[in-house]
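Presented below is the structure to which this report refers.
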Amino acid sequence: MTAPTGHAVPDLVMAWGRGRAHSRTTAPPEPVEGGFRVAVGPPSEEVREVFHTYTPASLAEAAARLDRPGNQVMIAGPSALLASLVPPGWTMDEGGHLMTTAFAPARYAVPGGYRLAVETEGPLTVARAFHANGDLAASARLGRDGDFGVFDKVVTAPAHQRRGLGSTAMRALGAAALAQGMKFGLLVASDEGRALYEHLGWTFVSDFPGARSKPA
């Protein structure tokens, strides 16, 4: 399968893994057959294996290998398939959707009563919206992987929701990415987030479900 941006799904999945590691400031993903393996992040010792190419047998083997508390498996593919192959007691995460966009110049306005700060350090760019009282109202992160900017941790505080702050932070990061020479955006959206991102011009590429092993 090829995304509207012209990239094959395996290339998008690997770019997402590398960019997300920059966003989370974790170790880079380690390539494995059909995908990659990455630490979930300190202080946890949990790991996640993410697959773009697989068979039912290879996914069942991966789940058996990772059947320790908190470890995770993700795939670019059907949620029902992953659910049918993980061991009993595993928990399916909320629906995930791999999405992409081509960056283009776009205007945005910061809602009244707020200010926006966009800061870049190495491969990480962070947008933060602050209320006039100083509260952090919203934030979003962008990890760079070559031509790709991977959006991550788009969060709006409950008291500041429904004011367009998340969309503003996304557009600000897109402008920063374009200025830095990035061409394409990547993210994994929730069921609820998918509609918002489609409204912002993003395109669905593949379902991207995850499952985690039973708790201790």
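The values are calculated or read from the model by the stated rules, or taken from the named source; none is laboratory data. Treat the numbers as computed from the prediction; the structure is a model and nothing was measured. Because the Cβ atoms are built from the backbone with ideal geometry, glycine has one as well, and the counts that use them run over all protein chains shown. The protein model used for the area step is the full one, side chains on, heavy atoms only, and it has no ligands, DNA or RNA in it. Shrake-Rupley method; radii C 1.70, N 1.55, O 1.52, S 1.80 Å.
Compactness ratio of region 1-81: Cα Rg over 2.2 N^0.38 Å, N = residue count?
Details: Rg = 13.0 Å, N = 81, 2.2 N^0.38 = 11.7 Å.
Taking N as the residue count of region 1-81, the ratio is 1.11.
Let me see the P(r) profile for the chain: every Cα-Cα distance counted, bins of 5 Å, each bin given as a percent of all pairs.
The percentages, shortest bin first, are 1, 7, 15, 18, 19, 16, 12, 7, 4, 1, 0, 0.
Within region 74-203, what whole-number % of the accessible surface is contributed by carbon and sulfur, with the 1.4 Å probe and all protein chains included in the calculation? Please report the intermediate quantities before stating the final value.
On the way: 3310 of 6440 Å².
Heavy-atom surface of region 74-203 belonging to carbon and sulfur, 1.4 Å probe: 51 percent.
For region 153-216, compute Rh as the Kirkwood radius over C-alpha pairs and then the Stokes-Einstein diffusion coefficient at 37 °C and 0.692 mPa s; write the answer in µm²/s, rounded to an integer. Don't skip to the end; give the middle numbers.
On the way: Rh = 13.9 Å.
Taking Rh from Cα pairs, D becomes 236 µm²/s.
Express the relative contact order of the chain as a whole percentage, based on alpha carbon pairs under 8 Å and six or more residues apart in sequence. Walk me through the numbers before you get to the answer.
Values: 465 pairs, mean separation 60.3, N = 216.
Relative contact order for the chain comes out at 28 percent.
Taking the solvent-accessible surface of protein heavy atoms with a 1.4 Å probe, what is the per residue accessible area of region 1-124 in Å²?
That works out to 53 Å² per residue.
Note down the magnitude of the dipole of the chain about its Cα centre, charges +1 on Lys and Arg C-beta and -1 on Asp and Glu C-beta and zero elsewhere, to the nearest 20 debye.
On the way: 20 positive and 20 negative charges, 128 e Å.
With only Lys, Arg, Asp and Glu charged at Cβ, the dipole is about 620 debye.
Averaged over every viewing direction, what's the projected area of the C-alpha convex hull for region 88-140? Give it in nm², one decimal, please. Display every interim value, and only then the final one.
Details: hull surface 28.8 nm².
Approximately 7.2 nm², given one-decimal rounding.
From the protein chains alone at 1.4 Å, what is the descending order of accessible area for HIS160, HIS131, largest first?
On the way: HIS160 15, HIS131 55 Å².
Descending accessible area places them as HIS131, HIS160.
Can you tell me, using C-alpha contacts under 8 Å and at least 6 residues apart, the relative contact order of region 117-216 as a whole percent?
Values: 135 pairs, mean separation 21.3, N = 100.
About 21 percent, as a whole number.
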